[in-house]
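The values are calculated or read from the model by the stated rules, or taken from the named source; none is laboratory data. Keep in mind that this is a model prediction, so the values were computed, not measured. When we count neighbours, we look across all protein chains shown, and the Cβ atoms used for this are built from the backbone with ideal geometry, even at glycine.
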Amino acid sequence: MPAGEDASIRALSPSVLVRAEGAAVFGLALYLYGRYGRGWILFAALVLVPDISIPVYFLHRRVGAAVYNLAHTLVWPATLVGFGVGSESDLALSVGLIWFAHIGADRLLGYGLKYPVDFKQTHIQRL
């Protein structure tokens, strides 16, 4: 296989694709938050809230992985954004977009859902 083909195959690796998805989610969430959100002070105050789940991992790996993964799955912010749009709740929409931005940034940086064997073992890669 020519060297160029090898590089193009690596560019399509799952890790690269998940990071690209993270960049897309992060960028879209920031754009939409800038248009419809409640202000950047709220964003700054809440963007790291999902990470309060991290200490649980170090207390009990199996429970901690489950709690961390629940806080870092796209299901909940999608539900909040849907509720916010449907009910015209700008607070729900804002919180959902902040949550999306957090998860997108995590994926972009290579942080994925956790396995209970090791905090650095994620669904994307071993950190």
| query | Residues of the stretch 60-72 being touching a residue at least 12 places away in the same chain (Cβ under 8 Å) and exposed (fewer than 13 other Cβ atoms within 10 Å of the Cβ), which ones? | reply | Arg62
| task | Would you mind stating whether Leu17 is under 17 Å from Tyr111 (Cβ atoms), loosely packed, with under 14 Cβ neighbours inside 10 Å and at pLDDT below 95? | result | yes
| query | When Phe83 is evaluated against the numbered criteria (1) touching a helix residue (DSSP H, G or I) at 6+ places or on another chain (Cβ under 7 Å); (2) under 15 Å from His123 (Cα atoms), which criterion, by number, is the only one it fails? | reply | (2)
| Considering residues of the stretch 23-42 that are aliphatic (A, V, I, L, M) and closer than 21 Å to Leu109 by Cβ only, the residue surrounded by the most Cβ atoms within 10 Å (Cβ to Cβ) | Ala29
| Cross-chain or 6+ apart pairs with Cβ under 6 Å, the stretch 96-111 first and within 20 Å of Ser15 (Cβ to Cβ), then surrounded by fewer than 24 Cβ atoms within 10 Å (Cβ to Cβ) and among the aromatic types (Phe, Trp, Tyr) | Gly104/Phe26; Ala105/Phe26; Leu108/Phe26
| said: Yes or no: the stretch 79-91 includes at least one residue that is buried (at least 17 other Cβ atoms within 10 Å of the Cβ), over 18 Å from the mean Cα position of the chain (by Cα), over 17 Å from Ala105 (Cβ atoms) and modelled with pLDDT of 95 or more. | reply: yes
